[in-house]
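In what follows, a single structure is set out as C-alpha coordinates and then discussed.
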Amino acid sequence: MEVLGISVDHIYAQNVFETTLGTLPYPLLSDWRRKAVKSFGVFEEEDGIAKRSCFLINKEGKLVYKNEAFKADDSEHYKELLTACDQLK
(Lines give C-alpha, C1' and ligand atoms only; values in the text may rest on other atoms or scores of the structure.)
Protein backbone atom coordinates (compact mmCIF):
# COMPACT_ATOMS: atom_id res chain seq x y z
CA MET A 1 0.00 0.00 0.00
CA GLU A 2 1.25 3.46 -0.84
CA VAL A 3 0.03 6.74 0.66
CA LEU A 4 0.29 9.96 -1.32
CA GLY A 5 -0.72 13.45 -0.29
CA ILE A 6 -1.92 15.82 -2.99
CA SER A 7 -2.21 19.57 -2.53
CA VAL A 8 -3.17 22.38 -4.89
CA ASP A 9 -0.43 24.50 -3.33
CA HIS A 10 2.69 25.26 -5.30
CA ILE A 11 5.66 22.98 -4.59
CA TYR A 12 7.49 25.85 -2.87
CA ALA A 13 4.60 26.36 -0.45
CA GLN A 14 4.59 22.61 0.19
CA ASN A 15 8.28 22.71 1.04
CA VAL A 16 7.62 25.40 3.65
CA PHE A 17 4.67 23.39 5.00
CA GLU A 18 6.77 20.24 5.31
CA THR A 19 9.60 22.16 6.95
CA THR A 20 7.26 23.45 9.67
CA LEU A 21 5.89 19.93 10.34
CA GLY A 22 9.08 17.98 9.91
CA THR A 23 9.41 15.19 7.37
CA LEU A 24 6.06 13.77 6.33
CA PRO A 25 5.69 9.96 6.34
CA TYR A 26 4.44 10.04 2.73
CA PRO A 27 5.17 11.96 -0.47
CA LEU A 28 3.31 15.24 -0.91
CA LEU A 29 2.47 15.93 -4.56
CA SER A 30 1.55 19.27 -6.08
CA ASP A 31 -1.63 19.50 -8.16
CA TRP A 32 -0.82 23.05 -9.18
CA ARG A 33 -2.93 22.77 -12.34
CA ARG A 34 -5.79 21.26 -10.29
CA LYS A 35 -6.35 18.30 -12.62
CA ALA A 36 -6.60 15.68 -9.87
CA VAL A 37 -8.91 17.66 -7.58
CA LYS A 38 -11.19 18.50 -10.50
CA SER A 39 -11.33 14.87 -11.64
CA PHE A 40 -12.26 13.78 -8.09
CA GLY A 41 -14.85 16.55 -7.83
CA VAL A 42 -13.37 18.25 -4.78
CA PHE A 43 -12.26 21.55 -6.30
CA GLU A 44 -14.18 24.62 -5.16
CA GLU A 45 -14.01 26.79 -8.25
CA GLU A 46 -15.28 29.95 -6.54
CA ASP A 47 -12.56 29.92 -3.86
CA GLY A 48 -9.84 28.23 -5.92
CA ILE A 49 -9.25 25.63 -3.22
CA ALA A 50 -9.74 21.91 -2.82
CA LYS A 51 -11.85 20.34 -0.10
CA ARG A 52 -9.76 18.29 2.33
CA SER A 53 -10.56 14.77 1.19
CA CYS A 54 -9.33 11.19 1.39
CA PHE A 55 -9.63 8.63 -1.37
CA LEU A 56 -8.59 4.99 -1.32
CA ILE A 57 -7.94 3.34 -4.66
CA ASN A 58 -7.29 -0.39 -4.91
CA LYS A 59 -4.66 -2.10 -7.07
CA GLU A 60 -7.14 -2.38 -9.93
CA GLY A 61 -7.61 1.40 -9.92
CA LYS A 62 -11.12 1.25 -8.47
CA LEU A 63 -12.21 3.87 -5.93
CA VAL A 64 -13.13 1.89 -2.80
CA TYR A 65 -13.39 4.65 -0.18
CA LYS A 66 -13.92 8.39 -0.19
CA ASN A 67 -14.46 11.09 2.38
CA GLU A 68 -14.90 14.49 0.77
CA ALA A 69 -15.10 16.30 4.11
CA PHE A 70 -12.11 14.79 5.92
CA LYS A 71 -11.29 16.52 9.19
CA ALA A 72 -7.73 16.09 10.42
CA ASP A 73 -8.87 16.52 14.02
CA ASP A 74 -11.64 13.88 13.83
CA SER A 75 -10.40 10.49 15.01
CA GLU A 76 -13.47 8.78 13.50
CA HIS A 77 -12.35 9.81 10.03
CA TYR A 78 -9.00 8.08 10.61
CA LYS A 79 -10.72 4.97 11.96
CA GLU A 80 -12.98 4.79 8.89
CA LEU A 81 -10.01 5.15 6.56
CA LEU A 82 -7.93 2.55 8.41
CA THR A 83 -10.85 0.12 8.37
CA ALA A 84 -11.13 0.57 4.61
CA CYS A 85 -7.36 -0.01 4.27
CA ASP A 86 -7.61 -3.21 6.32
CA GLN A 87 -10.32 -4.49 3.99
CA LEU A 88 -7.89 -4.27 1.06
CA LYS A 89 -5.55 -6.84 2.61
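Here is a yes/no grid of residues against (1) within 17 Å of Ser7 (Cβ to Cβ); (2) surrounded by fewer than 16 Cβ atoms within 10 Å (Cβ to Cβ):
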residue: Val37; (1), (2): yes, no
residue: Leu63; (1), (2): no, yes
residue: Lys71; (1), (2): yes, yes
residue: Ser75; (1), (2): no, yes
residue: Leu88; (1), (2): no, yes
Residue pairs meeting the criteria (Cβ under 6 Å; at least 6 apart or on separate chains; first among the small types (Gly, Ala, Ser), in segment 1-26; second loosely packed, with under 11 Cβ neighbours inside 10 Å): Gly5/Tyr26
Of the criteria (1) among the charged types (D, E, K, R); (2) part of a loop (DSSP other than H, G, I, E, B); (3) modelled with pLDDT of 95 or more, which one Lys38 fails: (2)
Check on Arg52, basic (Lys, Arg), in a loop (DSSP other than H, G, I, E, B) and surrounded by 10 or more Cβ atoms within 10 Å (Cβ to Cβ): yes
Residues of segment 1-23 satisfying the condition of being touching a strand residue (DSSP E or B) at 6+ places or on another chain (Cβ under 7 Å) and either assigned to a helix (DSSP H, G or I) or among the aliphatic types (A, V, I, L, M) (or both): Leu4, Ile6, Val8, Ile11, Gln14, Glu18
Residue in segment 41-48 that is free of Cβ contacts under 8 Å to residues at least 40 places away in the same chain, within 11 Å of the chain's Cα centre (by Cα) and outside any helix (DSSP H, G or I) present: yes
Single condition Ala84 does not satisfy, out of (1) loosely packed, with under 15 Cβ neighbours inside 10 Å; (2) aliphatic (A, V, I, L, M); (3) without any contact (Cβ under 8 Å) to a residue 60 or more places away in the chain: (1)
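The values are calculated or read from the model by the stated rules, or taken from the named source; none is laboratory data. Values in this document were obtained by computation on a predicted structure and should not be read as measured data. Counting neighbours? That spans all protein chains shown, and the Cβs are built from the backbone with ideal geometry, glycine included.
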